[in-house]
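The values are calculated or read from the model by the stated rules, or taken from the named source; none is laboratory data. Predicted, not measured: the structure shown is a model, and the values here were computed from it. Cβ sites come from the backbone with ideal geometry, for glycine too, and all protein chains shown count toward neighbours. To get the accessible areas, we keep the full protein, side chains included, count just its heavy atoms, and leave off ligands, DNA and RNA. Shrake-Rupley method; radii C 1.70, N 1.55, O 1.52, S 1.80 Å.
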Amino acid sequence: MKKYAIIDIETTGGMAKRDKITEIGIVIHDGEKITDKFESLINPGRSIPPNITRITGITDEMVADAPHFYEIAKKIVEMTEGAIFVAHNVRFDYTFIKEAFKDLGYTFSKRQLDTVRLARKTFPGLKSYSLGNLIKHFNIKVNARHRALEDAVATTELLELIFAKEDSEDNIKMYINHGLRESQLPKSITMERLHELPEECGVYYFYNEYGKVVYIGKSINIKKRVVQHFVKTTKKAENMQRQVHSIDFELTGSELISLLHESREIKIHQPEINKIQKNAHFPYFIHHFKDELGYTRLRIEKTSKKRRLNKEILSDYSSLAGAKSHVKNISKEFGLCLKLNDLETNDGPCFDYKIHNCLGACILEEDCESYNERADLAILHMSRLFKDNFILIEQGRTKDEHSVILVEDGYYRGFGYATSEDLNQGVEEIKETIKYVEENPETNNIVRNHILDHPQSKIISF
């Protein structure tokens with residue numbers, strides 16, 4: 001028999017990483033009837049904004065003596081054990097509760113069911129599927145809207161109306177399992193095993209029946225990404241369905257570390273199903289060559305095995321904009337011509353020549369020998385991806401942990417995990433947490449592109 005935990009919460013705002021829960025209501029349902037209820041105000045540890053009080057009626061005075069979340073966390077875990085997490089707009093409630101447990105160092109993971117999506121499927125054609133509108137449409141009795149238990153009970157009544165429909169069981173299965181059918185899974189992988197996977201950032205591994213890694217991937221939500229592999233009807237998905245016998249994972253906390261770790265693991269294990277990751281992550285590359293007049297030029301191209309053949313490749317890029325930005329900055333730093341580097345296509349001299357930033361190689365006023373001296377310096381500079389030594393700080397696997405990425409002597413050297421105390425002690429202490437890896441051009445590009453895409457990244461230079 002299934003167990004449903006229908007949950008509603010009230011909060012201090014709409015952002016789970018910033019705002020806090022002020023009230024929770026839980027209704028336990030066995031598919032036929034309500035078997036248990038729980039409600040509690042929660043002290044959020046911060047003031048409740050006036051606009052939120054106007055909606056919910058919950059004031060600072062009401063929650064002043066209420067328990068903190070950690071004081072009722074055990075009760076929530078016990079009540080929801082083995083249950084499907086149900087809510088109206090489930091992502092909101094689930095994310096807040098998951099974040100509250102994360103603050104306590106606990107991973108809260110449940111199968112989820114959204115009554116918004118389920119109501120749309122079961123009762124098509126309504127003007128609105130907000131809880132308020134559905135309450136009015138179905139004449140559901142509610143004493144106090146926007147109070148947690150009252151809204152949870154109303155959502156339970158809505159769920160019972162859905163249960164009464166003939167095709168409800170199939171619809172519920174589809175939404176709980178993200179559209180995945182049991183028949184799409186490899187024979188040795190159960191739906192329960194998929195639901196056990198974490199909804200966190202990391203690297204995952206698919207093994208065949210002989211224990212050999214056949215695929216490695218990364219995701220900010222491992223469970224969701226693994227399910228997507230089997231939902232698809234591509235040849236790759238069919239191949240996985242045939243070969244995959246077991247699944248494992250490593251949490252990384254940081255998406256950057258998941259990219260770095262995935263890249264290295266693929267090179268170590270060389271999984272059969274993985275495509276060439278460079279093409280997937282870095283669709284553009286820059287190479288250099290001498291043209292028919294003897295000038296050294298930089299050119300951006302979309303990557304392919306044929307295009308890369310016999311090219312003097314300098315670097316790979318995750319976006320065309322990133323590649324163009326790098327060529328433009330290098331050209332400016334070393335006085336190179338944007339037209340020779342294919343960033344301008346107009347006739348006549350380039351724009352920089354007109355403002356005296358180009359010495360005229362584009363119209364043959366500067367000889368190729370002089371121009372190429374600077375171009376060679378630019379190429380040498382580009383081949384050393386990083387000028388400075390630094391440590392990049394990212395989110396760790398827990399609230400009190402940081403991930404650290406080391407770049408030294410121009411290259412990515414490895415990653416590790418450090419505490420706030422480690423960070424405060426200095427660079428040498430941080431470096432002691434690093435797991436050093438062999439040099440890998442792809443991981444250098446991953447770090448470089450991350451910094452280009454996240455200019456506000458926290459960096460400690462040394």
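With the condition kept exactly as written, say whether any residue in region 20-35 is over 15 Å from Ile97 (Cβ atoms) and acidic (Asp, Glu).
yes
Which residues, counting only those in region 107-129, are touching a helix residue (DSSP H, G or I) at 6+ places or on another chain (Cβ under 6 Å) and not in a helix (DSSP H, G or I)?
Of everything in region 107-129, those that are touching a helix residue (DSSP H, G or I) at 6+ places or on another chain (Cβ under 6 Å) and not in a helix (DSSP H, G or I) turn out to be Phe108, Arg111, Gln112, Leu113, Asp114, Tyr129.
If we scan region 256-272, do we find a residue that is part of a strand (DSSP E or B), in contact with a strand residue (DSSP E or B) (Cβ under 6 Å, 6 or more places away or on another chain) and either in contact (Cβ under 8 Å) with a residue 12 or more places away in the chain or under 25 Å from Met382 (Cα atoms) (or both)?
No: region 256-272 contains no residue that is part of a strand (DSSP E or B), in contact with a strand residue (DSSP E or B) (Cβ under 6 Å, 6 or more places away or on another chain) and either in contact (Cβ under 8 Å) with a residue 12 or more places away in the chain or under 25 Å from Met382 (Cα atoms) (or both).
Among the residues of region 61-91, which ones are free of Cβ contacts under 8 Å to residues at least 24 places away in the same chain and either surrounded by 14 or more Cβ atoms within 10 Å (Cβ to Cβ) or at positive phi (or both)?
Met62
Looking at Tyr284 and the list (1) touching a Lys or Arg at 6+ places or on another chain (Cβ under 7 Å); (2) under 26 Å from Glu438 (Cβ atoms); (3) open to solvent by less than 40 Å² (accessible area, probe 1.4 Å), which single condition is not satisfied?
(3)
Can you pull out the residues in region 67-86 that are touching a Ser or Thr at 6+ places or on another chain (Cβ under 7 Å) and among the hydrophobic types (A, V, I, L, M, F, W, C)?
Ile72, Val86
Could you list, in sequence order, the residues of region 136-148 that are outside any loop (DSSP other than H, G, I, E, B) and crowded, with 19+ Cβ neighbours inside 10 Å? Break it down stepwise before answering.
Initially, region 136-148 is screened for residues outside any loop (DSSP other than H, G, I, E, B), giving 136-137, 148.
Passing the criteria: only Ala148.
Tell me yes or no: at least one residue of region 12-32 is assigned to a helix (DSSP H, G or I), buried (at least 18 other Cβ atoms within 10 Å of the Cβ) and without any contact (Cβ under 8 Å) to a residue 60 or more places away in the chain.
First, pick out the residues of region 12-32 that are assigned to a helix (DSSP H, G or I): none.
Checked region 12-32: no residue is assigned to a helix (DSSP H, G or I), buried (at least 18 other Cβ atoms within 10 Å of the Cβ) and without any contact (Cβ under 8 Å) to a residue 60 or more places away in the chain.
Across region 426-443, what is the number of residues that are acidic (Asp, Glu), surrounded by fewer than 13 Cβ atoms within 10 Å (Cβ to Cβ) and either assigned to a strand (DSSP E or B) or modelled with pLDDT under 90 (or both)?
Number of matching residues: 2.
Could you tell me which residue of region 97-125 is modelled with the lowest pLDDT, considering only residues that are of a type in the set (Phe, Trp, Tyr) and more than 23 Å from Val227 (Cα to Cα)?
Of the residues in region 97-125, the ones of a type in the set (Phe, Trp, Tyr) are 101, 106, 108, 123.
Now narrow it down to the ones that are more than 23 Å from Val227 (Cα to Cα): 101, 106, 123.
Working: Phe101: 94, Tyr106: 89, Phe123: 95.
The residue in question is Tyr106.
Name the residues in region 40-79 that are in contact with a helix residue (DSSP H, G or I) (Cβ under 6 Å, 6 or more places away or on another chain) and part of a loop (DSSP other than H, G, I, E, B), would you? If you could, list the steps in order and put the result at the bottom.
We begin by selecting, within region 40-79, every residue in contact with a helix residue (DSSP H, G or I) (Cβ under 6 Å, 6 or more places away or on another chain); these are 40-43, 47-48, 59, 69.
If the condition is that a residue be in contact with a helix residue (DSSP H, G or I) (Cβ under 6 Å, 6 or more places away or on another chain) and part of a loop (DSSP other than H, G, I, E, B), then Ile42, Asn43, Ser47, Ile48, Thr59 are the ones that fit.
With respect to Leu423, determine if the residue is open to solvent by less than 30 Å² (accessible area, probe 1.4 Å), free of Cβ contacts under 8 Å to residues at least 40 places away in the same chain, more than 27 Å from Lys98 (Cβ to Cβ) and not in a loop (DSSP other than H, G, I, E, B).
Here the answer is no, as Leu423 does not meet what is asked.
Please work out which residue is modelled with the lowest pLDDT, limiting yourself to region 314-354 and to residues that are under 19 Å from Thr296 (Cβ atoms) and within 29 Å of the chain's Cα centre (by Cα).
For region 314-354, the residue satisfying everything is Ser315.
Just to be sure I understand the filter: pairs with C-beta atoms under 8 Å, separated by 6 or more residues or on different chains, first member in region 364-375 and more than 9 Å from Thr296 (Cα to Cα) and small (Gly, Ala, Ser), second member part of a loop (DSSP other than H, G, I, E, B) and open to solvent by 100 Å² or more (accessible area, probe 1.4 Å). Which pairs pass?
Ser370/Leu359
Here are the criteria: (1) over 29 Å from Pro198 (Cβ atoms); (2) touching an Asp or Glu at 6+ places or on another chain (Cβ under 6 Å); (3) not acidic (Asp, Glu). Tell me which single one Pro441 does not satisfy.
(2)
Restricting the search to region 204-238, which residues are free of Cβ contacts under 8 Å to residues at least 40 places away in the same chain, outside any helix (DSSP H, G or I) and of a type in the set (A, V, I, L, M, F, W, C)?
Once the filter is applied, which keeps residues that are free of Cβ contacts under 8 Å to residues at least 40 places away in the same chain, outside any helix (DSSP H, G or I) and of a type in the set (A, V, I, L, M, F, W, C), region 204-238 yields only Ile220.
Where in region 310-401 are there helices (runs of 4 or more DSSP H), lying wholly inside it, with at least 1 residues that are open to solvent by 60 Å² or more (accessible area, probe 1.4 Å) and under 28 Å from Glu439 (Cα atoms)?
320-334, 368-383
Go through region 402-420 and count every residue that is buried (at least 18 other Cβ atoms within 10 Å of the Cβ) and either modelled with pLDDT under 90 or in contact with a Gly (Cβ under 6 Å, 6 or more places away or on another chain) (or both).
Total meeting the criteria: 5.
Test Thr35 against the stated conditions and say whether it is outside any helix (DSSP H, G or I), open to solvent by 70 Å² or more (accessible area, probe 1.4 Å) and farther than 13 Å from Ala152 by Cα.
Yes, satisfied.
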